[in-house]
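Everything below concerns the one structure shown next.
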Amino acid sequence: MTISMLDRRTLLRGAALAGGGAALSSWFPAWAQPVSAGIAATLPTVAGTDISLRIAHQMMTVDGRQSHAIGINGTVPAPLVRLREGTTVRLSVTNDLDEDSSVHWHGLLVPFQMDGVPGVSFPGIRPRSTFVYEFPVRQSGTYWYHSHSGLQEQIGHYGPIVIDPAGVDPIQSDREHVIVLSDHSPLHPHMIFKKLKQQGGYFNYQKQTLTDLMKGKDQPLKDRLMWGGMRMDPTDISDVTGAAYSYLINGHGPRDNWTALFRPGERVRLRFVNASAMTTFNVRIPGLRLTVVQADGQPVRPVTVDEFQIAIAETYDVIVEPVEDRAYTLVGEAIDRSGMARATLAPREGMTAVVPPLRRRPLATMKDMGMGDMGAAPVGGADCPPEHAAMGHCTPAPAVPMDHSATAAGGMAGMNHGAGGMNHSMRDFSNAAGVRKSPTVQTISPMPMDRTGEPGQGLQDVGHKVLVYRDLMAVDRNPDVRAPDRAMEIHLTGNMERYMWAFDGEKLSEVKDPIPFLENERVRVTLVNDTMMGHPIHLHGHFFELVTGHGDHAPRKHTVQVQPGGKVTFDVTADAVGDWAFHCHMLYHMHAGMMQVVTVRPRMGEAA
């Protein structure tokens with residue numbers, strides 16, 4: 001095992017904030033405050049086939065202010081775990097906390113007993129004990145790891161994973177940097193959750209005002225009255241905002257100015273990991289184009305963009321090729337524009353570039369309510385009517401037998417329900433026959449639509465190329481190209497005012513049976529978002545293929561963002577026997593109940 005220690009200068013980086021200048025700067029948001037010269041440091045790294053990790057309390061300093069954290073081996077983020085495809089790794093994890101802990105290897109294909117979800121795949125790691133994870137490394141790419149116990153992930157219990165290919169890496173670069181995006185608050189996560197339960201918009205300091213109405217900003221009076229009558233807030237984009245969070249890159253705040261070095265003319269690979277608890281980031285580097293070469297650890301055909309939205313728990317690898325001898329600002333802007341993560345890409349330590357101002361925060365629209373444009377021409381799946389298919393505007397989904405038993409077994413509904421219309425109630429269960437009528441269901445989307453061709457909230461009119469899911473296309477042919485055996489529909493439901501979240505109106509604590517799959521069956525799953533907030537949905541132990549019109553080269557992912565009022569369809573092969581977590585990766589949504597268990601059973605006559 002090799003270990004490179006964090007530069008101790010990072011522990012002293014707050015010293016420059018002393019005096020009146022620091023007091024004055026406290027009146028400004030973190031992204032706008034004066035910055036330090038920069039911290040050029042590699043992430044602490046552990047590598048090899050026998051690795052030791054220790055979970056413990058510690059203090060961390062962000063932009064000169066200390067707060068409590070849970071780290072691994074004394075660092076936040078946890079050390080970069082570097083593995084090689086084709087080896088078998090033993091990771092001895094010691095828990096020095098006074099409570100149970102765990103490590104989930106996000107995106108790694110491991111035996112379910114090694115997946116690290118307490119109560120689902122193992123009992124957890126008891127205080128002052130060690131658990132040994134051992135599994136073959138079956139893949140390569142960029143991934144990450146984090147706690148699946150309580151709300152520890154919010155406090156710093158997360159870190160990146162890089163798995164090098166067994167042979168030559170087909171993605172060539174002169175150097176690489178791992179970029180871990182996250183959010184951090186001095187508030188205890190249980191206090192954050194308590195405040196959200198008391199008032200869903202507690203942290204939203206960007207609500208519409210009478211002054212803005214008089215200035216002609218945001219919604220006109222007619223729309224405000226209509227939205228108010230429906231008890232909907234178009235500014236409710238993020239549950240937890242920059243009012244509570246500092247947005248970090250590799251554990252450093254915007255003023256810390258973490259710096260990644262390059263030489264002009266180099267081909268630089270940036271491995272982005274969104275390890276945040278609740279924040280979707282919009283990523284760009286003004287002055288540089290970004291060529292996306294990998295999504296969720298899987299190679300994709302290169303696509304060059306100016307910006308991309310990275311949902312919680314997703315990873316993207318991009319190539320940049322700076323030719324000028326100057327610094328560039330790396331911007332990770334929160335989706336609600338309440339703050340940003342900021343770092344610098346530069347030829348030398350101590351250089352800085354202009355930090356762009358925060359852009360105007362987006363407003364939710366009728367489409368985000370699930371009142372989509374029925375005249376749009378979507379790609380693939382149940383959204384492709386015959387008339388559009390005949391004109392070549394989209395690809396119809398193959399005929400798939402419907403799983404009518406899934407409602408009783410796993411809280412899912414069949415796909416043949418009415419599309420609804422503008423005159424339908426926002427809580428019309430005829431649009432979602434399998435959804436339980438519970439307080440967890442505040443709204444049902446009348447006309448949800450496939451939004452995989454859209455760049456995400458607030459990015460529709462930025463004036464440059466933004467990545468969309470339909471841009472992604474696998475480099476290699478998908479390993480399973482069979483047509484699905486059956487299909488199911490899962491509704492993402494919530495009550496934003498009471499802060500209740502669930503699948504199909506049932507919280508995890510209310511679900512009687514797991515979602516059943518049969519080993520090696522091929523299933524088409526459609527996720528329908530009945531809420532006005534995007535949800536990153538993660539299936540443990542599997543990759544799935546997004547149905548976006550690319551046939552046998554569909555992009556393979558382990559996490560997918562379902563836009564507000566939208567839907568996403570994917571095909572999955574249930575090739576991993578065992579019990580697997582299936583959940584929204586917004587930490588407080590999962591904590592509130594937006595999680596179920598998928599059980600993959602062996603076929604009759606086959607060994608378990």
Quiz prompt | region 50-111 versus region 176-248: alpha-carbon centroid distance in Å | solution = 31 Å
Quiz item: Taking +1 at the Cβ of each Lys and Arg and -1 at the Cβ of each Asp and Glu, which of PRO186, MET230, VAL292 sits farthest along the dipole of region 139-298 towards its positive end, judged by Cα position relative to the Cα centre?
Solution: MET230
Exercise. Determine the sum of side-chain charges near PRO299: Lys and Arg each +1, Asp and Glu each -1, restricted to other residues whose C-beta is under 9 angstrom from that of PRO299.
Key: -1
Self-check item: 20 Å Cα-Cα reach of LYS215 towards aspartates and glutamates, excluding residues that sit fewer than 8 places from it in its own chain
Solution: ASP223, ASP233
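How much FRET efficiency would the formula 1/(1 + (r/R0)^6) give for SER67 and GLU349, where r is the Cβ-Cβ distance and R0 is 22 Å, rounded to 0.05?
Once rounded, the FRET efficiency stands at 0.25.
Net charge near TRP144, counting Lys/Arg +1 and Asp/Glu -1 over other residues with Cβ under 11 Å of its Cβ?
Numbers: positive: ARG271; negative: GLU153, ASP296, GLU314.
Computed value for this residue: -2.
Within the set of other residues whose C-beta is less than 9 Å from the C-beta of THR573, count the net charge using Lys and Arg as +1 and Asp and Glu as -1.
-3
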Practice problem: Could you name the lysines whose alpha carbon sits less than 24 Å from that of LYS222, not counting residues in the same chain fewer than 8 places away? | Solution: LYS207, LYS367
Quiz prompt | Packing-based order for 516-525, 165-174, using average beta carbon neighbours within 10 Å, highest first | solution = 516-525, 165-174
Self-check item: Sequence-distant lysines (8 or more away, or on other chains) whose Cα lies within less than 18 Å of LYS437
Solution: LYS507, LYS512
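Mind ranking 229-242, 331-344 by how tightly packed they are, going by the mean number of other C-beta atoms within 10 angstrom, highest first?
On the way: 229-242: 19.9, 331-344: 25.1.
Going by the mean number of other Cβ atoms within 10 Å, highest first, we get 331-344, 229-242.
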Quiz prompt | Per-pair calculated FRET efficiency, R0 = 51 Å: LYS512 and MET226 via Cβ, rounded to 0.05 | solution = 0.80
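Peptides 117-127, 253-263: what's the order by average Cβ count within 10 Å, highest mean first? Each step should come with its number before you reach the end.
Numbers: 117-127: 17.5, 253-263: 22.9.
Put in order of decreasing packing, that is 253-263, 117-127.
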Quiz item: Residues with amide H under 5 Å of ARG54's amide H, sequence separation 5 or more or different chain, H placed in the peptide plane at 1.01 Å from N; which?
Solution: ASN73, THR94
Quiz item: Which ³J(HN,Hα) values, rounded to whole Hz and listed in residue order, are derived for region 121-137 from phi using the Karplus coefficients 6.51, -1.76 and 1.60 in 6.51 cos²θ - 1.76 cosθ + 1.60 with θ = phi - 60°, glycine and proline given as x?
Solution: 10, 6, x, x, 9, 5, x, 6, 9, 10, 10, 9, 8, 9, 7, x, 8
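Every number here is computed from the coordinates shown, using simple stated rules; none is lab data. Just so it is clear, the model here is predicted, and its values are computed rather than measured. Please note: Cβ atoms are built from the backbone with ideal geometry, for glycine as well, and neighbour counts cover all protein chains shown.
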